[in-house]
Ligand SMILES: [Zn+2]
(Lines give C-alpha, C1' and ligand atoms only; values in the text may rest on other atoms or scores of the structure.)
Protein backbone atom coordinates (compact mmCIF):
# COMPACT_ATOMS: atom_id res chain seq x y z
CA UNK A 1 0.00 0.00 0.00
CA UNK A 2 1.13 3.56 -0.68
CA UNK A 3 3.00 5.34 2.07
CA UNK A 4 2.52 8.98 2.88
CA UNK A 5 4.72 11.42 4.75
CA UNK A 6 1.76 12.62 6.73
CA UNK A 7 -0.62 10.45 8.69
CA UNK A 8 -4.02 10.12 7.01
CA UNK A 9 -7.39 9.32 8.60
CA UNK A 10 -8.05 5.60 8.78
CA UNK A 11 -11.65 5.47 9.91
CA UNK A 12 -14.94 7.08 9.03
CA UNK A 13 -15.42 8.31 12.56
CA UNK A 14 -12.23 10.39 12.38
CA UNK A 15 -13.69 12.19 9.34
CA UNK A 16 -16.94 13.20 11.02
CA UNK A 17 -16.71 16.40 13.04
CA UNK A 18 -18.68 17.06 16.22
CA UNK A 19 -21.14 19.43 14.58
CA UNK A 20 -22.12 16.80 12.05
CA UNK A 21 -22.26 14.13 14.73
CA UNK A 22 -24.89 16.11 16.61
CA UNK A 23 -26.98 16.47 13.45
CA UNK A 24 -26.79 12.73 12.79
CA UNK A 25 -27.84 12.05 16.39
CA UNK A 26 -31.16 13.84 15.86
CA UNK A 27 -32.18 11.56 13.01
CA UNK A 28 -33.63 14.64 11.36
CA UNK A 29 -31.62 15.27 8.17
CA UNK A 30 -31.36 14.28 4.53
CA UNK A 31 -28.52 13.94 2.04
CA UNK A 32 -27.74 15.26 -1.40
CA UNK A 33 -24.74 13.07 -2.29
CA UNK A 34 -23.87 14.75 -5.59
CA UNK A 35 -23.33 18.50 -5.78
CA UNK A 36 -20.69 20.87 -7.14
CA UNK A 37 -19.58 24.21 -5.78
CA UNK A 38 -16.43 24.96 -7.83
CA UNK A 39 -16.57 28.26 -9.70
CA UNK A 40 -15.16 29.60 -12.98
CA UNK A 41 -11.60 29.80 -11.62
CA UNK A 42 -11.34 26.02 -11.79
CA UNK A 43 -13.03 25.56 -15.15
CA UNK A 44 -10.85 25.51 -18.29
CA UNK A 45 -11.81 27.49 -21.39
CA UNK A 46 -12.65 24.32 -23.27
CA UNK A 47 -15.10 23.04 -20.67
CA UNK A 48 -17.98 22.46 -23.06
CA UNK A 49 -15.88 20.43 -25.46
CA UNK A 50 -15.36 23.41 -27.71
CA UNK A 51 -13.22 26.47 -27.32
CA UNK A 52 -15.13 29.20 -25.54
CA UNK A 53 -12.38 31.19 -23.88
CA UNK A 54 -14.70 34.15 -23.42
CA UNK A 55 -16.89 32.16 -21.05
CA UNK A 56 -14.44 32.74 -18.26
CA UNK A 57 -14.41 36.45 -18.95
CA UNK A 58 -16.62 37.97 -16.28
CA UNK A 59 -17.71 40.97 -18.35
CA UNK A 60 -18.80 38.80 -21.18
CA UNK A 61 -20.70 36.54 -18.82
CA UNK A 62 -22.59 39.48 -17.44
CA UNK A 63 -23.47 40.74 -20.88
CA UNK A 64 -24.61 37.31 -21.98
CA UNK A 65 -26.66 36.89 -18.86
CA UNK A 66 -28.53 40.15 -19.20
CA UNK A 67 -29.10 39.41 -22.87
CA UNK A 68 -30.54 36.03 -22.01
CA UNK A 69 -32.72 37.45 -19.27
CA UNK A 70 -34.02 39.95 -21.78
CA UNK A 71 -34.91 37.46 -24.50
CA UNK A 72 -36.37 34.74 -22.33
CA UNK A 73 -39.76 35.42 -20.88
CA UNK A 74 -40.85 31.84 -20.45
CA UNK A 75 -39.54 30.33 -17.22
CA UNK A 76 -38.79 26.98 -18.76
CA UNK A 77 -37.00 28.52 -21.67
CA UNK A 78 -33.67 26.94 -22.53
CA UNK A 79 -31.95 30.32 -22.79
CA UNK A 80 -33.09 31.28 -19.35
CA UNK A 81 -31.74 27.97 -18.01
CA UNK A 82 -28.36 28.71 -19.50
CA UNK A 83 -28.49 32.17 -17.98
CA UNK A 84 -28.98 30.62 -14.55
CA UNK A 85 -26.19 28.14 -15.16
CA UNK A 86 -23.84 30.90 -16.25
CA UNK A 87 -24.85 32.89 -13.21
CA UNK A 88 -23.43 30.08 -11.04
CA UNK A 89 -20.32 29.65 -13.15
CA UNK A 90 -19.50 33.31 -12.82
CA UNK A 91 -19.76 33.53 -9.02
CA UNK A 92 -16.62 34.93 -7.44
CA UNK A 93 -16.00 32.17 -4.94
CA UNK A 94 -16.99 28.64 -4.06
CA UNK A 95 -18.59 29.93 -0.89
CA UNK A 96 -21.02 32.05 -2.91
CA UNK A 97 -22.13 28.93 -4.79
CA UNK A 98 -22.28 26.91 -1.56
CA UNK A 99 -24.55 29.54 -0.01
CA UNK A 100 -26.95 29.36 -2.96
CA UNK A 101 -27.09 25.59 -2.55
CA UNK A 102 -27.80 25.82 1.18
CA UNK A 103 -30.52 28.42 0.50
CA UNK A 104 -32.27 26.23 -2.07
CA UNK A 105 -32.46 23.06 0.08
CA UNK A 106 -34.19 22.12 3.34
CA UNK A 107 -32.38 23.40 6.43
CA UNK A 108 -31.07 20.02 7.54
CA UNK A 109 -29.55 18.88 4.25
CA UNK A 110 -26.04 17.38 4.28
CA UNK A 111 -24.19 17.74 0.97
CA UNK A 112 -21.36 15.87 -0.70
CA UNK A 113 -19.66 18.58 -2.78
CA UNK A 114 -17.53 16.89 -5.46
CA UNK A 115 -14.37 18.57 -6.62
CA UNK A 116 -13.41 18.43 -10.26
CA UNK A 117 -9.87 18.16 -11.63
CA UNK A 118 -9.91 18.82 -15.38
CA UNK A 119 -6.12 18.64 -15.59
CA UNK A 120 -4.45 17.29 -17.76
CA UNK A 121 -7.51 16.25 -19.85
CA UNK A 122 -8.50 19.88 -20.38
CA UNK A 123 -5.92 22.50 -19.55
CA UNK A 124 -6.35 26.23 -19.09
CA UNK A 125 -8.06 26.61 -15.72
CA UNK A 126 -6.97 29.68 -13.79
CA UNK A 127 -6.47 27.78 -10.54
CA UNK A 128 -5.28 24.23 -9.85
CA UNK A 129 -6.38 21.29 -7.76
CA UNK A 130 -4.42 22.29 -4.64
CA UNK A 131 -6.10 25.69 -4.59
CA UNK A 132 -9.51 24.08 -5.03
CA UNK A 133 -8.73 21.79 -2.11
CA UNK A 134 -7.98 24.80 0.09
CA UNK A 135 -11.09 26.69 -0.98
CA UNK A 136 -13.24 23.63 -0.38
CA UNK A 137 -11.76 23.28 3.10
CA UNK A 138 -12.56 26.93 3.87
CA UNK A 139 -16.20 26.39 2.89
CA UNK A 140 -16.49 23.16 4.92
CA UNK A 141 -14.88 24.80 7.98
CA UNK A 142 -17.42 27.59 7.80
CA UNK A 143 -20.38 25.18 7.56
CA UNK A 144 -19.03 22.08 9.33
CA UNK A 145 -22.40 20.32 9.68
CA UNK A 146 -23.33 20.77 6.02
CA UNK A 147 -20.51 19.43 3.86
CA UNK A 148 -18.68 16.13 3.36
CA UNK A 149 -16.18 17.07 0.64
CA UNK A 150 -14.90 14.68 -2.03
CA UNK A 151 -11.42 15.27 -3.49
CA UNK A 152 -11.05 14.88 -7.27
CA UNK A 153 -8.29 12.47 -8.27
CA UNK A 154 -6.99 12.73 -11.83
CA UNK A 155 -4.42 9.90 -12.10
CA UNK A 156 -2.13 11.66 -14.56
CA UNK A 157 -1.98 14.92 -12.71
CA UNK A 158 1.46 14.81 -11.05
CA UNK A 159 -0.12 16.34 -7.95
CA UNK A 160 -2.76 13.64 -7.51
CA UNK A 161 -1.04 11.90 -4.58
CA UNK A 162 -0.23 15.20 -2.93
CA UNK A 163 -3.90 16.17 -3.23
CA UNK A 164 -5.05 12.81 -1.83
CA UNK A 165 -2.66 12.95 1.11
CA UNK A 166 -3.64 16.48 1.98
CA UNK A 167 -7.36 15.78 1.60
CA UNK A 168 -7.23 12.90 4.10
CA UNK A 169 -4.81 14.52 6.52
CA UNK A 170 -6.23 15.19 9.99
CA UNK A 171 -6.22 18.89 9.22
CA UNK A 172 -8.22 18.74 5.96
CA UNK A 173 -10.36 15.78 6.87
CA UNK A 174 -12.16 15.28 3.56
CA UNK A 175 -14.62 12.45 3.18
CA UNK A 176 -14.40 10.81 -0.26
CA UNK A 177 -12.85 10.62 -3.72
CA UNK A 178 -14.29 11.79 -7.06
CA UNK A 179 -13.35 10.19 -10.41
CA UNK A 180 -14.22 11.49 -13.91
CA UNK A 181 -13.08 8.95 -16.58
CA UNK A 182 -14.05 10.82 -19.77
CA UNK A 183 -11.36 13.35 -18.94
CA UNK A 184 -9.08 10.74 -20.49
CA UNK A 185 -8.38 7.82 -18.17
CA UNK A 186 -9.84 4.40 -17.47
CA UNK A 187 -11.17 3.69 -13.96
CA UNK A 188 -8.62 0.86 -13.68
CA UNK A 189 -5.62 3.17 -14.28
CA UNK A 190 -2.71 1.80 -12.16
CA UNK A 191 -2.44 5.05 -10.16
CA UNK A 192 -6.12 4.82 -9.31
CA UNK A 193 -5.79 1.18 -8.27
CA UNK A 194 -3.31 2.39 -5.61
CA UNK A 195 -5.89 4.91 -4.43
CA UNK A 196 -8.73 2.34 -4.29
CA UNK A 197 -6.59 0.07 -2.14
CA UNK A 198 -6.40 2.81 0.49
CA UNK A 199 -10.09 3.65 0.01
CA UNK A 200 -11.05 0.02 0.65
CA UNK A 201 -8.81 -0.35 3.71
CA UNK A 202 -9.79 2.99 5.26
CA UNK A 203 -13.47 3.06 4.26
CA UNK A 204 -13.24 6.04 1.92
CA UNK A 205 -16.22 6.23 -0.49
CA UNK A 206 -15.64 6.85 -4.21
CA UNK A 207 -18.07 8.64 -6.55
CA UNK A 208 -17.49 8.35 -10.28
CA UNK A 209 -19.18 9.99 -13.21
CA UNK A 210 -20.87 7.07 -14.99
CA UNK A 211 -23.17 7.84 -17.89
CA UNK A 212 -23.60 10.35 -20.67
CA UNK A 213 -22.12 13.82 -20.41
CA UNK A 214 -20.55 16.62 -22.35
CA UNK A 215 -17.25 16.89 -20.50
CA UNK A 216 -14.36 15.01 -22.06
CA UNK A 217 -10.62 15.22 -22.69
CA UNK A 218 -9.63 17.80 -25.29
CA UNK A 219 -7.03 15.46 -26.81
CA UNK A 220 -7.80 13.30 -29.85
CA UNK A 221 -4.93 10.86 -29.37
CA UNK A 222 -4.63 9.31 -25.96
CA UNK A 223 -2.14 6.89 -24.47
CA UNK A 224 -4.13 4.67 -22.16
CA UNK A 225 -2.72 2.49 -19.39
CA UNK A 226 -5.21 0.33 -17.51
CA UNK A 227 -5.97 -3.09 -16.12
CA UNK A 228 -8.35 -5.42 -17.87
CA UNK A 229 -9.78 -8.81 -16.91
CA UNK A 230 -8.01 -11.49 -18.92
CA UNK A 231 -10.74 -13.74 -20.33
CA UNK A 232 -8.16 -16.27 -21.56
CA UNK A 233 -6.90 -16.83 -18.07
CA UNK A 234 -8.77 -19.48 -16.03
CA UNK A 235 -8.65 -17.32 -12.91
CA UNK A 236 -9.59 -14.19 -14.83
CA UNK A 237 -6.53 -12.41 -13.54
CA UNK A 238 -5.90 -8.83 -14.57
CA UNK A 239 -3.52 -7.82 -17.34
CA UNK A 240 -2.00 -4.40 -17.81
CA UNK A 241 -2.96 -2.86 -21.15
CA UNK A 242 -1.10 -0.12 -22.92
CA UNK A 243 -2.81 1.33 -25.94
CA UNK A 244 -2.92 4.38 -28.11
CA UNK A 245 -6.42 5.33 -29.12
CA UNK A 246 -7.96 8.02 -31.31
CA UNK A 247 -11.13 9.90 -30.40
CA UNK A 248 -12.97 12.25 -32.72
CA UNK A 249 -16.49 12.74 -31.39
CA UNK A 250 -18.01 13.59 -28.03
CA UNK A 251 -19.98 10.34 -28.04
CA UNK A 252 -16.79 8.29 -28.51
CA UNK A 253 -15.21 9.56 -25.30
CA UNK A 254 -18.46 9.08 -23.46
CA UNK A 255 -19.10 5.51 -24.66
CA UNK A 256 -15.52 4.44 -24.11
CA UNK A 257 -14.68 5.94 -20.74
CA UNK A 258 -17.96 6.30 -18.85
CA UNK A 259 -19.17 2.74 -19.32
CA UNK A 260 -19.97 1.26 -15.87
CA UNK A 261 -18.49 -2.04 -17.12
CA UNK A 262 -15.05 -0.38 -16.96
CA UNK A 263 -15.27 -0.80 -13.19
CA UNK A 264 -15.24 -4.61 -13.36
CA UNK A 265 -11.44 -5.00 -13.01
CA UNK A 266 -11.53 -2.53 -10.11
CA UNK A 267 -14.31 -4.34 -8.27
CA UNK A 268 -12.77 -7.73 -8.95
CA UNK A 269 -9.63 -6.50 -7.17
CA UNK A 270 -11.42 -4.49 -4.45
CA UNK A 271 -14.85 -6.12 -4.02
CA UNK A 272 -15.61 -4.13 -0.85
CA UNK A 273 -14.94 -0.69 -2.36
CA UNK A 274 -17.69 1.82 -1.55
CA UNK A 275 -18.57 3.01 -5.04
CA UNK A 276 -21.30 5.26 -6.40
CA UNK A 277 -21.71 4.87 -10.19
CA UNK A 278 -23.36 8.27 -10.51
CA UNK A 279 -26.22 9.19 -12.88
CA UNK A 280 -27.63 5.64 -13.15
CA UNK A 281 -26.66 5.07 -16.78
CA UNK A 282 -27.11 8.70 -17.80
CA UNK A 283 -29.67 10.84 -19.60
CA UNK A 284 -29.91 8.98 -22.88
CA UNK A 285 -30.87 5.73 -21.13
CA UNK A 286 -33.79 7.29 -19.22
CA UNK A 287 -35.15 9.47 -21.99
CA UNK A 288 -38.21 7.78 -23.44
CA UNK A 289 -37.81 9.47 -26.78
CA UNK A 290 -34.49 7.79 -27.37
CA UNK A 291 -34.75 4.13 -28.26
CA UNK A 292 -31.94 2.66 -26.31
CA UNK A 293 -31.27 -0.80 -24.98
CA UNK A 294 -30.66 0.47 -21.44
CA UNK A 295 -27.37 -1.36 -21.42
CA UNK A 296 -25.74 0.91 -18.83
CA UNK A 297 -28.71 0.81 -16.45
CA UNK A 298 -28.59 -3.01 -16.48
CA UNK A 299 -24.81 -3.02 -16.10
CA UNK A 300 -25.11 -0.71 -13.07
CA UNK A 301 -27.72 -3.01 -11.47
CA UNK A 302 -25.55 -6.00 -12.34
CA UNK A 303 -22.65 -4.53 -10.40
CA UNK A 304 -24.96 -3.71 -7.46
CA UNK A 305 -26.03 -7.35 -7.41
CA UNK A 306 -22.46 -8.64 -7.57
CA UNK A 307 -20.81 -6.37 -4.99
CA UNK A 308 -21.96 -5.34 -1.50
CA UNK A 309 -21.04 -1.63 -1.65
CA UNK A 310 -21.92 -0.57 -5.19
CA UNK A 311 -24.49 2.24 -5.40
CA UNK A 312 -25.85 4.65 -7.99
CA UNK A 313 -27.44 8.09 -7.79
CA UNK A 314 -30.26 9.84 -9.61
CA UNK A 315 -28.33 13.07 -9.99
CA UNK A 316 -28.90 14.99 -13.21
CA UNK A 317 -31.15 12.28 -14.73
CA UNK A 318 -33.92 13.24 -12.27
CA UNK A 319 -34.63 16.28 -14.46
CA UNK A 320 -36.29 13.98 -17.07
CA UNK A 321 -40.03 13.79 -16.20
CA UNK A 322 -40.39 10.37 -17.88
CA UNK A 323 -37.63 9.07 -15.64
CA UNK A 324 -39.74 9.44 -12.49
CA UNK A 325 -42.27 6.68 -13.22
CA UNK A 326 -39.63 4.40 -14.69
CA UNK A 327 -37.45 4.82 -11.64
CA UNK A 328 -40.32 4.17 -9.20
CA UNK A 329 -41.19 1.00 -11.14
CA UNK A 330 -37.58 -0.20 -11.04
CA UNK A 331 -37.32 0.67 -7.33
CA UNK A 332 -40.37 -1.44 -6.51
CA UNK A 333 -39.27 -4.30 -8.71
CA UNK A 334 -35.66 -4.65 -7.68
CA UNK A 335 -34.56 -4.89 -4.05
CA UNK A 336 -30.98 -3.90 -4.82
CA UNK A 337 -32.14 -0.77 -6.63
CA UNK A 338 -34.24 0.10 -3.57
CA UNK A 339 -31.28 -0.40 -1.24
CA UNK A 340 -28.52 1.12 -3.33
CA UNK A 341 -29.98 4.19 -5.00
CA UNK A 342 -28.87 7.53 -3.60
CA UNK A 343 -30.48 10.93 -3.91
CA UNK A 344 -28.22 13.48 -5.54
CA UNK A 345 -28.99 16.46 -7.73
CA UNK A 346 -25.81 17.46 -9.57
CA UNK A 347 -26.39 21.04 -8.47
CA UNK A 348 -25.57 23.44 -10.29
CA UNK A 349 -24.83 21.49 -13.51
CA UNK A 350 -28.50 20.52 -13.75
CA UNK A 351 -29.53 24.21 -14.00
CA UNK A 352 -28.96 23.78 -17.74
CA UNK A 353 -32.11 21.62 -17.80
CA UNK A 354 -34.38 23.86 -15.72
CA UNK A 355 -34.59 25.75 -12.47
CA UNK A 356 -33.11 23.74 -9.63
CA UNK A 357 -36.00 24.26 -7.20
CA UNK A 358 -38.60 23.18 -9.75
CA UNK A 359 -36.70 20.10 -10.86
CA UNK A 360 -35.99 19.02 -7.30
CA UNK A 361 -39.58 19.60 -6.19
CA UNK A 362 -41.08 17.68 -9.11
CA UNK A 363 -38.94 14.61 -8.46
CA UNK A 364 -39.57 14.64 -4.70
CA UNK A 365 -43.33 15.07 -5.10
CA UNK A 366 -43.52 12.25 -7.60
CA UNK A 367 -41.42 9.73 -5.67
CA UNK A 368 -43.10 10.47 -2.33
CA UNK A 369 -41.97 10.36 1.31
CA UNK A 370 -41.25 6.68 1.62
CA UNK A 371 -38.88 6.38 -1.35
CA UNK A 372 -37.31 9.76 -0.60
CA UNK A 373 -36.56 8.74 2.98
CA UNK A 374 -34.88 5.61 1.72
CA UNK A 375 -32.76 7.24 -1.02
CA UNK A 376 -31.93 10.50 0.75
CA UNK A 377 -31.48 9.21 4.32
CA UNK A 378 -31.13 5.43 4.83
CA UNK A 379 -29.13 4.54 1.70
CA UNK A 380 -26.67 7.47 1.87
CA UNK A 381 -25.98 6.62 5.53
CA UNK A 382 -25.04 3.10 4.41
CA UNK A 383 -22.97 4.25 1.44
CA UNK A 384 -21.06 6.75 3.57
CA UNK A 385 -20.77 4.29 6.48
CA UNK A 386 -22.53 6.72 8.84
CA UNK A 387 -25.49 4.56 9.91
CA UNK A 388 -24.10 3.93 13.40
CA UNK A 389 -24.07 7.64 14.18
CA UNK A 390 -27.87 7.57 14.23
CA UNK A 391 -29.25 6.22 17.54
CA UNK A 392 -30.71 2.71 17.34
CA UNK A 393 -34.19 3.68 18.57
CA UNK A 394 -34.51 6.21 15.76
CA UNK A 395 -33.43 3.67 13.17
CA UNK A 396 -35.98 1.19 14.56
CA UNK A 397 -38.71 3.78 14.17
CA UNK A 398 -37.68 4.31 10.55
CA UNK A 399 -37.96 0.59 9.88
CA UNK A 400 -41.48 0.44 11.31
CA UNK A 401 -42.56 3.42 9.23
CA UNK A 402 -41.50 1.79 6.00
CA UNK A 403 -42.99 -1.65 6.73
ZN1 LIG B 1 -21.69 15.90 -11.28
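The values are calculated or read from the model by the stated rules, or taken from the named source; none is laboratory data. Owing to the predicted nature of the structure, the values given are computational and were not obtained by experimental measurement. All Cβ positions, glycine included, derive from the backbone under ideal geometry; neighbour counts span all protein chains shown.
Kindly indicate the residue of the stretch 107-116 that is more than 16 Å from the ligand (Cβ to nearest atom) and either in contact (Cβ under 8 Å) with a residue 24 or more places away in the chain or within 19 Å of the chain's Cα centre (by Cα) (or both) and also surrounded by the fewest Cβ atoms within 10 Å (Cβ to Cβ) among those meeting that condition. Checked the stretch 107-116; the qualifying residue surrounded by the fewest Cβ atoms within 10 Å (Cβ to Cβ) is 108. Considering only the stretch 68-88, I want to know if a residue exists there that is over 18 Å from the mean Cα position of the chain (by Cα), modelled with pLDDT under 95, outside any helix (DSSP H, G or I) and buried (at least 16 other Cβ atoms within 10 Å of the Cβ). Yes, the stretch 68-88 has at least one match.
Conditions tested, residue by residue: (1) more than 16 Å from the ligand (Cβ to nearest atom); (2) in contact (Cβ under 8 Å) with a residue 12 or more places away in the chain; (3) within 30 Å of residue 380 (Cβ to Cβ); (4) part of a strand (DSSP E or B).
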residue: 226; (1), (2), (3), (4): yes, yes, yes, yes
residue: 235; (1), (2), (3), (4): yes, no, no, no
residue: 254; (1), (2), (3), (4): no, yes, yes, no
residue: 262; (1), (2), (3), (4): yes, yes, yes, no
residue: 266; (1), (2), (3), (4): yes, yes, yes, no
residue: 280; (1), (2), (3), (4): no, yes, yes, no
residue: 285; (1), (2), (3), (4): yes, yes, yes, no
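Residues that are at pLDDT 70 or above, away from the ligand (no atom under 16 Å from the Cβ) and more than 26 Å from residue 386 (Cβ to Cβ) occur in the stretch 95-106; there is at least one.
Residue-wise test of (1) out of contact with any strand residue (DSSP E or B) (no Cβ under 9 Å at 6 or more places or on another chain); (2) surrounded by 23 or more Cβ atoms within 10 Å (Cβ to Cβ); (3) at pLDDT 95 or above; (4) within 16 Å of residue 238 (Cβ to Cβ).
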residue: 260; (1), (2), (3), (4): no, yes, yes, no
residue: 267; (1), (2), (3), (4): no, no, yes, yes
residue: 271; (1), (2), (3), (4): yes, no, yes, yes
residue: 274; (1), (2), (3), (4): no, yes, yes, no
residue: 286; (1), (2), (3), (4): yes, yes, no, no
residue: 289; (1), (2), (3), (4): yes, no, no, no
residue: 295; (1), (2), (3), (4): yes, no, no, no
residue: 299; (1), (2), (3), (4): no, no, yes, no
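If you go through the stretch 315-365 and pick out every residue that is under 19 Å from residue 209 (Cβ atoms), more than 14 Å from the ligand (Cβ to nearest atom) and assigned to a loop (DSSP other than H, G, I, E, B), you end up with 1.
Residues checked against (1) more than 20 Å from the chain's Cα centre (by Cα); (2) closer than 25 Å to residue 355 by Cα; (3) buried (at least 24 other Cβ atoms within 10 Å of the Cβ); (4) free of Cβ contacts under 8 Å to residues at least 60 places away in the same chain:
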site: 118; (1), (2), (3), (4): no, no, yes, no
site: 126; (1), (2), (3), (4): yes, no, no, no
site: 137; (1), (2), (3), (4): no, no, no, yes
site: 152; (1), (2), (3), (4): no, no, yes, yes
site: 170; (1), (2), (3), (4): yes, no, no, no
site: 174; (1), (2), (3), (4): no, no, yes, no
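When residue 312 is tested against (1) assigned to a loop (DSSP other than H, G, I, E, B); (2) within 16 Å of the ligand (Cβ to nearest atom); (3) at pLDDT 95 or above, only condition (1) is not met. Of all residues in the stretch 339-362, those that are at pLDDT 90 or above have Cβ atoms under 7 Å from Cβ atoms of residues that are within 10 Å of the ligand (Cβ to nearest atom) and in a helix (DSSP H, G or I), 6 or more apart or on another chain, in 356/350; 359/350. If the condition is being within 16 Å of the ligand (Cβ to nearest atom), more than 21 Å from residue 171 (Cβ to Cβ) and either at pLDDT 95 or above or in contact with a strand residue (DSSP E or B) (Cβ under 7 Å, 6 or more places away or on another chain) (or both), then the stretch 1-60 contributes 31, 32, 33, 34, 35, 36.
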